[in-house]
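The values are calculated or read from the model by the stated rules, or taken from the named source; none is laboratory data. None of the values given here were measured: they were computed from a predicted structure. In this analysis, Cβ positions are derived from the backbone assuming ideal geometry, glycine residues included, and neighbour counts consider all displayed protein chains. What goes into the accessible areas is simple: the full protein's heavy atoms, side chains included, and nothing from ligands, DNA or RNA. Shrake-Rupley method; radii C 1.70, N 1.55, O 1.52, S 1.80 Å.
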Amino acid sequence: MGKKYVIGVDFGSDSVRAIVADTESGATAGSTTAFYPRWKKGLYQHPEQGIFRQHPLDYLEALEACIRGALQPLNEEERKAVVGIGVDTTGSTPVPVNREGTPLALLPGFEENENAMFHLWKDHSAFAEAEEINRLFQHGSAVDYTKYQGNYCAEWYWAKILHTIRTDEQVREAAYTWEEHSDWMVGVLCGETRPEQIYHGACAAGHKAYWHSDWGGLPAADLLERLDPYLVQVRERYGRAPRPAVVKAGLLCPEWAKRLGLGEDVVISGSSFDAHAGAVGAGIREKTMVCTMGTSAVDMIVEKAENLEGKNIKRFCGQAENSILPDLVGVETGQAAFGDIFAWFKKLLLWPLQCIKNDLEPEQYECLQQTLDDNMLPELQRYAEQLPDEPFPVSLDWFNGRRYPDTDDFQKAMIGGLRLGMEAPTLYRSLVFGAVCGLKRIVKGFEDQEIEISNVIAVGGISKKSEYVMQMMADVLEKTISIVDADQTCALGAAIYAAVGSGVYPDEQEASIHMAAKVIRKFEPRREKAEFYRKHYEEYLQLAEFADQWK
């Protein structure tokens, strides 16, 4: 038998990335990134209103471009050896569809209606509906539907649907139901997007739509009806029960086989959300937390269901059956802002450029802007490393609301202990410390419930770019932080799902031994820093308590 290849496709917020992975080693044979053309132009996004929508054509066009680009280095025989495709997406990113599962934005009359498009994960326009859903799910019946996920969030499935049908009667009337981006992409590649027949992933269903075996599926119809009878319609048309991402969802349909230049015998595996797939690409296992640090932070662990019984951790995470690995509970937690915090601070410091823009030639201005943009954070880190221990202002990391503990979209960030003599590196250190303390609080919440976390793997751009952040993370958590060699762990995780779905490996564990990313570096906690950071962590907790009272 010759080599076999699988394709992992990772749909992010700005672009889609694809890799072709060798199933024997996980090595990348080809990769590329395709940006969403309409999104890149700034269309369908209104940050001041918390509205972020994406056109389905962006996904379809970028999917074709990135897979074709990733296949470019392969010869004809190697392309014939591609046996599977796996997909992950952002989420919850639902879209209203007709009876055939076609997004309304692809139909006449809806092409430019933003409510008819995909509602990107970070769309927060449904914050009022989320609060309403949370109250009802928690106190509206004998069942506490929030027991596994915690407070309902504006980013999630039911809230976005409820907000849209209340604000757009045209979409309400035309939408047969709604489908998640992760499910729809599998359906597109298989040629089966009809709501009653489409594949549903356990990840999206469990974490965002609140599917659980305890109550036999989705939340009860009579409860949803109290929100709006339309939601009962969505429930009734949900179709098949969700399945793990490692299953064979179908075969590549003729249309997409032609568009991609692949055979119709290529297996399409199930789907997952990006960070969950990234955890698989990083080699997640029990007692290991995988921290995906990008603009936000998403952290994953897996655990046996019986080990979670009787443990109250809903303040700190969401739990879903089979959402990361089959037969294990996937535990999702994280922070609504991480890298975004540092990007905001850099943007703030670069604002004076606006004052001299008209005094410079365009080429001079662009050169100056690029130089500062490239060097700002590295220089801040260099100076921050040389700072004395005190003064040490402490910041709260809730710049984009609070995801955990206790989801609260209305929460705000704070910085305490400021004095006039402080300069930018001191504030930068404060922001990094606050971001890392947010993670520590989550880890401490698990450990207080006797859920052991003995290994921490960091993935994402920050893990490779910032030794400063990684070392502080090790010091504050008082744990070893491992860095892995893969740049595209989410796409690699999707490829691992495809390797199992196509039958190359019998299960994810065997596939990971061969294909998952390998540890290339470790950051060890410095014992001499432990007491210092513990003291300031208590100040972080005090600031958080004040913020809750002040709100």
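So which residues in the range 403-450 are within 22 Å of Arg382 (Cα to Cα), of a type in the set (A, V, I, L, M) and touching a residue at least 60 places away in the same chain (Cβ under 8 Å)? Selection gives Ala424, Leu427, Leu431, Val432, Ala435.
Out of everything in the range 189-215 that is among the small types (Gly, Ala, Ser) and assigned to a loop (DSSP other than H, G, I, E, B), what residue ends up being nearest to Gly91 (Cα to Cα)? Restricting to residues being among the small types (Gly, Ala, Ser) and assigned to a loop (DSSP other than H, G, I, E, B), the top hit is Ala209.
Cβ separations smaller than 8 Å between residues 6+ apart or across chains give the following pairs from the range 251-272 residues that are more than 13 Å from Ala499 (Cα to Cα) and without any contact (Cβ under 8 Å) to a residue 24 or more places away in the chain to residues that are open to solvent by 10 Å² or more (accessible area, probe 1.4 Å) and assigned to a loop (DSSP other than H, G, I, E, B): Ala257/Gly263; Ala257/Glu264; Glu264/Cys253. Listed by first and then second residue, the pairs linking a residue in the range 165-193 that is within 20 Å of Gly84 (Cβ to Cβ) to a residue that is buried (at least 20 other Cβ atoms within 10 Å of the Cβ) and at pLDDT below 95, with Cβ atoms under 6 Å apart and 6 or more places separating them unless they lie on different chains, are Ser182/Gly91.
Test Tyr148 against the criterion of being aromatic (Phe, Trp, Tyr), part of a loop (DSSP other than H, G, I, E, B) and in contact with a helix residue (DSSP H, G or I) (Cβ under 7 Å, 6 or more places away or on another chain), and give yes or no. So Tyr148 fails the test. Would you mind stating whether Lys347 is closer than 30 Å to Gly270 by Cβ and outside any strand (DSSP E or B)? So Lys347 fails the test.
A single member of Ser454, Ser466 is out of contact with any helix residue (DSSP H, G or I) (no Cβ under 8 Å at 6 or more places or on another chain) and of a type in the set (Gly, Ala, Ser), and it is Ser454. One residue stands out in the range 30-45 among those that are assigned to a strand (DSSP E or B) and either touching a Phe, Trp or Tyr at 6+ places or on another chain (Cβ under 6 Å) or of a type in the set (Phe, Trp, Tyr) (or both): the one that is surrounded by the most Cβ atoms within 10 Å (Cβ to Cβ), namely Gln45. Please tell me if Thr489 is touching a strand residue (DSSP E or B) at 6+ places or on another chain (Cβ under 9 Å) and among the polar types (S, T, N, Q). Yes; evaluated as a whole, the condition is true for this residue.
Only one of the listed residues (Glu528, Glu478, Glu467, Glu510) is among the charged types (D, E, K, R) and at positive phi. That residue is Glu478. Of the helices (runs of 4 or more DSSP H) lying entirely inside the range 407-504, the ones with 3 or more residues being surrounded by 17 or more Cβ atoms within 10 Å (Cβ to Cβ) and not β-branched (Val, Ile, Thr) are found at 424-448, 467-477, 489-501.
Of the numbered criteria (1) open to solvent by less than 30 Å² (accessible area, probe 1.4 Å); (2) among the charged types (D, E, K, R); (3) more than 16 Å from the chain's Cα centre (by Cα), the one Glu155 fails is (3). Assess whether Val186 counts as being within 22 Å of the chain's Cα centre (by Cα), of a type in the set (Val, Ile, Thr) and part of a helix (DSSP H, G or I). Here the answer is yes, as Val186 does meet what is asked.
Quick one: in the range 212-243, which of the residues that are in contact with a Pro (Cβ under 8 Å, 6 or more places away or on another chain) and touching a residue at least 60 places away in the same chain (Cβ under 8 Å) is surrounded by the fewest Cβ atoms within 10 Å (Cβ to Cβ)? So, considering only residues that are in contact with a Pro (Cβ under 8 Å, 6 or more places away or on another chain) and touching a residue at least 60 places away in the same chain (Cβ under 8 Å), the one surrounded by the fewest Cβ atoms within 10 Å (Cβ to Cβ) is Arg237. Does the range 61-83 contain at least one residue that is without any contact (Cβ under 8 Å) to a residue 60 or more places away in the chain, surrounded by 22 or more Cβ atoms within 10 Å (Cβ to Cβ) and over 19 Å from Ala126 (Cβ atoms)? Within the range 61-83, one or more residues are without any contact (Cβ under 8 Å) to a residue 60 or more places away in the chain, surrounded by 22 or more Cβ atoms within 10 Å (Cβ to Cβ) and over 19 Å from Ala126 (Cβ atoms).
Scoring Ala245 on the criteria (1) over 18 Å from Met185 (Cβ atoms); (2) of a type in the set (Gly, Ala, Ser); (3) touching a helix residue (DSSP H, G or I) at 6+ places or on another chain (Cβ under 9 Å) leaves a single failure, condition (1). Scanning the range 16-29 for residues that are polar (S, T, N, Q) and buried (at least 17 other Cβ atoms within 10 Å of the Cβ), which turns out farthest from the chain's Cα centre (by Cα)? This residue is Thr23.
Being part of a loop (DSSP other than H, G, I, E, B) and in contact (Cβ under 8 Å) with a residue 60 or more places away in the chain is not true of Ile161.
Residues in the range 164-183 that are charged (D, E, K, R) and assigned to a helix (DSSP H, G or I) were compared, and the one that is least open to solvent (accessible area, probe 1.4 Å) is Asp183. Looking at Arg53, Arg99, which one is of a type in the set (Lys, Arg), in contact with a strand residue (DSSP E or B) (Cβ under 7 Å, 6 or more places away or on another chain) and either touching a residue at least 24 places away in the same chain (Cβ under 8 Å) or farther than 19 Å from Ala249 by Cβ (or both)? Unique residue meeting the criteria: Arg53. The C-beta contact set for the range 119-141 (first residue under 15 Å from Arg402 (Cα atoms), second residue in a helix (DSSP H, G or I) and among the charged types (D, E, K, R), distance under 8 angstrom, 6+ apart or interchain) comprises Asp123/Lys160.
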